[in-house]
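This report refers to the structure that appears directly beneath it.
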Amino acid sequence: MSGRAGGRRWTPPLRRRRRGPGWAAQTPTWQRARPALIADALKRASARPSGNWFVVCASREVRAGGRPFGRTVGGAEVVLWRSDNGELRAGPGACPHLGAPLRDSRVVCGTLVCHWHGLALNGSPFAGWQPFPVHDDGVLVWVRLDEVGGEEPTARPVVPVRPAAGSGVDAVFTATGRCEPQDVVANRLDPWHGSWFHPYSFVDLTVVREPGGEEDDVFVVDVSFRVAGRLVVPVRAEFAAPEPRTVVMRITDGEGATSVVETHATPLTGPDDDRPRTAVIEAVVAVSDRPGFALARGRRPRAAPADAPYRPASVAGRPGVRRTPLGAAQHRTVSRLTRRRAPGRPRGTRTGTGTGTPCAVGRRSSRRTAWEHPCPVVMCRRPWLEVFTEFVCTAELEVLDLQDVILLPAPDHRSAFPNRASSPIHRNSAALVRSAVESPVN
């Protein structure tokens with residue numbers, strides 16, 4: 001009970017959690033997180049129609065009287081702006097005259113004016129420039145790109161069911177990573193990883209019901225959101241994918257029932273790009289029947305979603321610190337692309353290690369880039385390697401002076417990192433990693 005309506009007794013929103021097992025002592029979930037189960041859920045999600053609609057940004061990022069907003073979606077440049085009366089407009093991001101980037105132009109009296117030669121666009125077709133269908137659902141902006149989506153177009157996107165407009169507080173968080181949309185969706189359709197990979201937010205996580213097929217395609221989860229120390233908020237939630245690039249977590253019981261967290265995966269690069277990039281746009285719409293929530297709604301706090309990261313480089317090998325939600329998705333992409341694009345590479349198992357288990361072989365990059373994986377990543381079955389992959393991919397480090405570094409399996413996260421003198425790694429490169437993994441664990 002969360003209020004006094006109807007004579008109900010008031011109860012605090014927080015619970016004091018009993019002392020339970022630590023991060024390493026919790027019950028492993030890998031047996032229940034069956035790859036075939038997750039793959040089937042992803043396959044059903046991918047088969048659902050999207051109508052060629054893509055989430056581009058938060059509604060508040062495109063303001064009347066403000067500058068235009070630009071983003072590349074599926075390799076196509078898109079520019080958005082609002083007219084003086086707030087009407088949303090979208091179209092190709094290149095000027096039809098000489099190709100100037102319209103995202104850098106200005107909006108004058110609701111008209112987009114190119115900053116190269118003054119060509120004005122009011123949102124109507126002009127000289128080969130064709131506007132895109134656009135939809136503002138009040139929280140997010142969607143753009144329909146028929147050439148990118150390749151499906152049968154629809155008049156409206158598949159907008160998830162949300163709390164009634166004006167009844168909640170919404171926040172939108174955007175991050176980009178080197179992965180594909182399907183990997184982001186697959187990561188969200190794996191609720192078992194929550195208390196392991198995001199222990200700063202989720203504890204006591206139990207999947208109480210798995211999908212039963214197309215008619216009952218939801219994961220039902222009991223979980224406690226960690227607030228501070230042993231103070232938690234226990235809830236029951238459902239995970240579902242209403243369309244190929246969206247996963248929705250909806251609280252069905254407990255504090256904030258009917259609140260939603262939407263994860264939208266928007267491809268930034270084309271399907272044939274060797275370095276795929278995806279924007280993960282997470283929208284939180286929170287509601288509560290508590291009297292004090294009206295005050296919070298009036299202030300409209302711009303809080304990030306529960307698993308929004310702090311600085312990426314600070315998370316490596318430290319289970320108590322926030323991690324980016326893109327880490328596992330990036331690793332999954334690297335695994336698949338390496339197998340697909342480097343079929344002649346060895347399987348990554350070295351003889352003479354004394355273990356007979358897969359190991360990761362890294363090589364020096366010739367330019368500013370994240371870690372390159374030349375061998376097929378059977379590595380994803382090694383959690384310490386996933387942590388290392390997440391660290392290097394998300395930190396976007398400058399060129400590491402790595403010379404055929406071999407990372408061998410290890411019993412814990414710390415010793416898996418190449419931060420020891422015996423590791424075949426350049427001393428300067430080791431220092432970059434050491435600063436993140438040798439600080440005290442919170």
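The values are calculated or read from the model by the stated rules, or taken from the named source; none is laboratory data. Since we're looking at a predicted model, the values are computed, not measured. Neighbour counts run over all protein chains shown; Cβ positions are idealised from the backbone, glycine included. The accessibility values were calculated without ligands, DNA or RNA, using every heavy atom of the protein model including side chains. Shrake-Rupley method; radii C 1.70, N 1.55, O 1.52, S 1.80 Å.
Sort out which residues of segment 111-120 are in contact with a strand residue (DSSP E or B) (Cβ under 8 Å, 6 or more places away or on another chain) and either open to solvent by 30 Å² or more (accessible area, probe 1.4 Å) or in a strand (DSSP E or B) (or both), and write them in order of number. Steps first, please.
Our first condition is that a residue be in contact with a strand residue (DSSP E or B) (Cβ under 8 Å, 6 or more places away or on another chain); within segment 111-120, this holds for 111-115, 119-120.
Selection gives Thr111, Leu112, Val113, His115, Leu119, Ala120.
Quick one: how many residues across segment 161-197 are under 24 Å from Asp274 (Cα atoms) and assigned to a loop (DSSP other than H, G, I, E, B)?
The qualifying residues number 3.
Just checking, does segment 150-160 include any residue being of a type in the set (Lys, Arg), touching a strand residue (DSSP E or B) at 6+ places or on another chain (Cβ under 9 Å) and open to solvent by 50 Å² or more (accessible area, probe 1.4 Å)? Don't jump to the end; show me each part of the working.
Step one: of segment 150-160, the residues of a type in the set (Lys, Arg) are 156.
Then keep just the ones that are touching a strand residue (DSSP E or B) at 6+ places or on another chain (Cβ under 9 Å); that gives 156.
Imposing the further condition that a residue be open to solvent by 50 Å² or more (accessible area, probe 1.4 Å) reduces the set to 156.
Yes, segment 150-160 has at least one match.
Out of all the residues in segment 214-250, which are over 24 Å from Ala329 (Cβ atoms) and not in a strand (DSSP E or B)?
Glu214, Glu215, Asp216, Gly229, Arg230
Select from segment 14-36 the residues that are open to solvent by 100 Å² or more (accessible area, probe 1.4 Å) and at pLDDT 85 or above and write down the one among them that is nearest to Gly254 (Cα to Cα). Let's see the steps before the verdict.
Let us first name the residues in segment 14-36 that are open to solvent by 100 Å² or more (accessible area, probe 1.4 Å), namely 15-16, 18-19, 27, 30-32, 34.
Those still in the list that are at pLDDT 85 or above too: 15-16, 27, 30-32, 34.
On the way: Arg15: 12, Arg16: 15, Thr27: 24, Trp30: 27, Gln31: 28, Arg32: 25, Arg34: 28 Å.
So, considering only residues that are open to solvent by 100 Å² or more (accessible area, probe 1.4 Å) and at pLDDT 85 or above, the one nearest to Gly254 (Cα to Cα) is Arg15.
Please go through (1) of a type in the set (A, V, I, L, M, F, W, C); (2) farther than 24 Å from His264 by Cβ; (3) surrounded by 18 or more Cβ atoms within 10 Å (Cβ to Cβ) for Val108 and return the number of the only condition it doesn't satisfy.
(3)
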